[in-house]
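In what follows, a single structure is set out as structure tokens and then discussed.
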Amino acid sequence: MKATINSYDCVDHHPIDQWVPNDPYDVDIWVNFRIGPDTDTESGDNFQVHIVTPNNLHGKGSTKYAIILYEYSWKKVLRTVESMLEQCQCTSWIGISRQLANLMHWEYENYKP
């Protein structure tokens, strides 16, 4: 089983795939990806990643869940996330989700039934 991007969005810039920043070297945004198993392109879990350029790293407490790009472009963001998904393979969706949770903020992180 593999993970696939089913959709994406950004609260600050809609639609995110068409947004062009004033300065591609000065970006600091969070993007939500709905990621699910390749066997079901309708469902999935939400994973957030912090897209940031080096100019915006100063004063940040952590770079956990960050994709650091020297120069922002949506194509670079997608390539990076797709590369992250390729690293996460398992026989179950929960196994993949837990692997992704090490790279992105998972909506069910710290969830206790």
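Where a number appears in this text, it was derived from the coordinates with a stated rule and is not lab data. The model shown is predicted, which means the values in this text are computed figures rather than measured ones. Ideal geometry is used to build each Cβ from the backbone, glycine not excepted, and the neighbour counts take in all protein chains shown.
Within the range 1-46, being over 15 Å from the mean Cα position of the chain (by Cα) and either among the basic types (K, R) or more than 27 Å from L57 (Cβ to Cβ) (or both) holds for M1, K2, P37, D38, T39, D40, T41, E42, S43. If I ask for residues that are exposed (fewer than 14 other Cβ atoms within 10 Å of the Cβ), within 23 Å of E109 (Cβ to Cβ) and basic (K, R), which ones from the range 34-82 would you list? Correct list: K60, K64.
Which of the residues that make up the range 29-68 are in a loop (DSSP other than H, G, I, E, B) and among the charged types (D, E, K, R)? Outline the logic, then answer.
Taking the range 29-68 as the starting set, the residues that turn out to be in a loop (DSSP other than H, G, I, E, B) are 38-44, 53, 57-65.
Across the range 29-68, the qualifying residues are D38, D40, E42, K60, K64.
Within the range 83-113, the set of residues being in a loop (DSSP other than H, G, I, E, B) and buried (at least 17 other Cβ atoms within 10 Å of the Cβ) comprises C88, A101, L103, M104.
If you go through the range 1-28 and keep only what is outside any strand (DSSP E or B), under 21 Å from F47 (Cβ atoms) and touching a helix residue (DSSP H, G or I) at 6+ places or on another chain (Cβ under 6 Å), you end up with C10, D17.
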